[in-house]
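Written below as structure tokens is the structure these notes are about.
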Amino acid sequence: MTGKEKIIAVLNKEKIDSIPWLPFAGVHAGKLKGYTAKEVSTDAGKLIDSLREVNKLYKPDGQPIMFDLQIEAEILGCELLWSEDAPPTVASHPLSDVSDIPTHIPAVDEGRIPLSVEAMKAMKAEIGEHTALYGLITGPFTLASHLRGTNIFMDMIMNPEYVTSLLEYTTRVANAVAGYYIEAGMDVIAVVDPLVSQISPAHFAEFMDKPFSKVFDYIRTNGAFSSFFVCGNATANIAPMCMTKPDSISVDENVNLAEAKKVTDSFDIVIGGNIPLTSIMLFGTQQDNMKNTIDLIDSLDNTDRLIIAPGCDMPYDIPIENTIGVQQAVHQTDQIRAMVENYECTEIVFEGELPDYANLERPLIEVFTLDSITCAACTYMKASAMDIKKHFGDKVDMVEYKYTEPQNIARCKVMEVKQLPSIYINGELKYSSIIPNRAGFVSEVEKCL
Amino acid sequence: MADFEKISELMQKGRADEVKQLCADALAEGVGPKEVLEKGLLSAMNIVGEKFKNNEVFVPEVLIAARAMNFGLEVLKPAMVDGDMDEIGKVVIGTVKGDLHDIGKNLVKIMLEGKGLTVIDLGADVSAEKFIETAINEKANIIACSALLTTTMTQMESVVKAAVDAGIRDNITIMVGGAPVTQKFCDSIGADIYAADAATASDKALEVCTS
């Protein structure tokens, strides 16, 4: 089963043997190729290059093209504050002082929509056969808040008719953009609306039910699947969100996934989530990420109608090996559960002997992998080491240590190997997670000859 | 007799004009402005804060209650005399440099004011230097920094460092919060207090100012 088939089967509420994995690599994709957040948000070539790398290293079953809630707002007159390591932020709200209802609907050739569409078409052609592609649009409420600013909250009580009219407009915008992205080949349209967590279920029913139902209906009618992404503590709004009939919902770590899943299960809707972005993915170790993912899966009553994903858009600087750890835990759950148990077991003593690195006969390349067969990044890392071995022949030694063996875990502890996959030359860490380029690797080995 | 419960109930619902009228009525009956403030408005804001923390009310309800509180204050403030407005403590608040998100910061400000604390709001995109300069000039007890982004939360460390460099670190409490911020992060940058929500932030700030 391809990743795409897995995502589609789950969204069709079919039972499958494994859990699909959906890494929300927005601007983080750029990190994989050394591009800044701004570069991948404004340059189609660099974006496509980065998305290709995400697909290669993170083995996603589903993959978003852009995670940028400012695309529509920018076209509609919001100024943006750009950043090198985060998506842009809306800096001004054109309707903050006037209660107007705009009429302009973004065209397919306006603002950064062409960039997004170009990347969608390119990725559709390159990876669309095996990976489900997600087109993300700004939800009607968050778009309304971009236009109106925080006054929108007060308006909900003091000027409800205005809010209703503004949401009718932003719903038309959402449908137009969803249409462009479906046309560009997206399998799933994700309606991203973080602000939904900031209002009561009563306000949701009063203002949001109709707009969101309309958007999901439009997506369904046009032949794509839909997802409702929310950030923050949306616990109280999970049921109202389900009532707008998306195919799936995605939540962040502020929501208890096991409890929320009981609700989404009762509506026969898929839930996605919710690896903690900061405490685990950004600041945790690879071990933390694997353990957290296993614990998350184990906390659930069942793994039907489930997609494992980060809580929200991944921070730019998440260590690559952490995402690889999560991916392995989703795809090889039993194997990683055993690894984590072994790692936590303090009784495993390293029984071998470390090489005498200072007095080796020839350079020694050691490749530490989670499992070079199932982990894509590990496969590439090992392949690059094998290529180097072939290049130098008998002049170098090469060995792989798979983390699946308890003794190899013990070896990693002794050598203080923190990230997998990694390559060490003569006992020194040279490459971690990012696959080395051949010329650089050759020259590193030559230094040791 | 002033009906504090009624004031509180209406304020929680955001019925600003009625709150203003009831505050005026209470003063006309001879009730002291400080008593109306504490038993009516501030106690109502405490309830709103608790409900917000427990996910019973949300952002619109807090903002509308704060508006009603301000309507009440408009009537009470002119009636106050020296001694009624003893300053409990002063907080300089802002969203850190590079970050424009201010909903959370505004909620904290509302809750701090609801505790009777004086708040200097520097807005969003505030540099470490600005926090420190204002804290010194205003003789503040607390600097409260907010960040919504993982990329801007690191600015909080600059605020801590700037306080050290300015020689005021021992005299100022630095409080941090925002979606990506955790207790662990707070500890790692050497800040003093982490608060997970606006109500907790105001409780902790009051504790600092009254201890």
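Residues that are under 20 Å from A:Cys231 (Cα atoms) and more than 10 Å from chain B (Cβ to nearest Cβ) were ranked within the range A:275-288; the one that is surrounded by the fewest Cβ atoms within 10 Å (Cβ to Cβ) is A:Ile280. Kindly indicate whether any position in the range B:84-97 is part of a helix (DSSP H, G or I) and β-branched (Val, Ile, Thr). Scanning the range B:84-97 turns up no residue that is part of a helix (DSSP H, G or I) and β-branched (Val, Ile, Thr). The set of residues in the range A:119-147 that are more than 23 Å from A:Phe216 (Cβ to Cβ) and over 20 Å from the mean Cα position of the chain (by Cα) contains only A:Ala125. Note on the range B:106-131: residues that are under 22 Å from B:Gly190 (Cβ atoms) and either in contact (Cβ under 8 Å) with a residue 40 or more places away in the chain or buried (at least 23 other Cβ atoms within 10 Å of the Cβ) (or both) total 3. Criterion applied to A:Pro106, A:Pro60 was being assigned by TED's automatic domain parsing to the domain that holds A:Ile137, within 25 Å of the chain's Cα centre (by Cα) and closer than 19 Å to A:Tyr181 by Cβ, and the one residue passing it is A:Pro60. Each residue in the range B:161-184 was checked for being in a helix (DSSP H, G or I), in contact with a strand residue (DSSP E or B) (Cβ under 8 Å, 6 or more places away or on another chain) and surrounded by fewer than 21 Cβ atoms within 10 Å (Cβ to Cβ), and 1 pass. Residue-level analysis places B:Val96 outside the set of residues that are away from chain A (no Cβ under 14 Å) and buried (at least 20 other Cβ atoms within 10 Å of the Cβ). Does B:Asp102 fit the bill of being closer than 23 Å to B:Ala68 by Cα, at pLDDT 95 or above and within 14 Å of chain A (Cβ to nearest Cβ)? No.
Give the residue, chosen from B:Gly14, B:Gly49, that is out of contact with any Leu (no Cβ under 7 Å at 6 or more places or on another chain), within 14 Å of another protein chain (Cβ to nearest Cβ) and buried (at least 17 other Cβ atoms within 10 Å of the Cβ). Going through B:Gly14, B:Gly49 in turn, just one is out of contact with any Leu (no Cβ under 7 Å at 6 or more places or on another chain), within 14 Å of another protein chain (Cβ to nearest Cβ) and buried (at least 17 other Cβ atoms within 10 Å of the Cβ): B:Gly14. Restricted to the range A:200-297, the set of helices (runs of 4 or more DSSP H) holding at least 3 residues that are modelled with pLDDT of 95 or more and of a type in the set (D, E, K, R) comprises A:209-221, A:257-266.
Looking across the range B:52-83, the residues that are away from every other protein chain (no Cβ under 14 Å) and not in a helix (DSSP H, G or I) come down to B:Met80, B:Val81, B:Asp82, B:Gly83.
The values are calculated or read from the model by the stated rules, or taken from the named source; none is laboratory data. This one's a predicted model, so the numbers in the text were calculated from it and none came from an experiment. We place every Cβ from the backbone using ideal geometry, glycine too, and count neighbours over all the protein chains shown.
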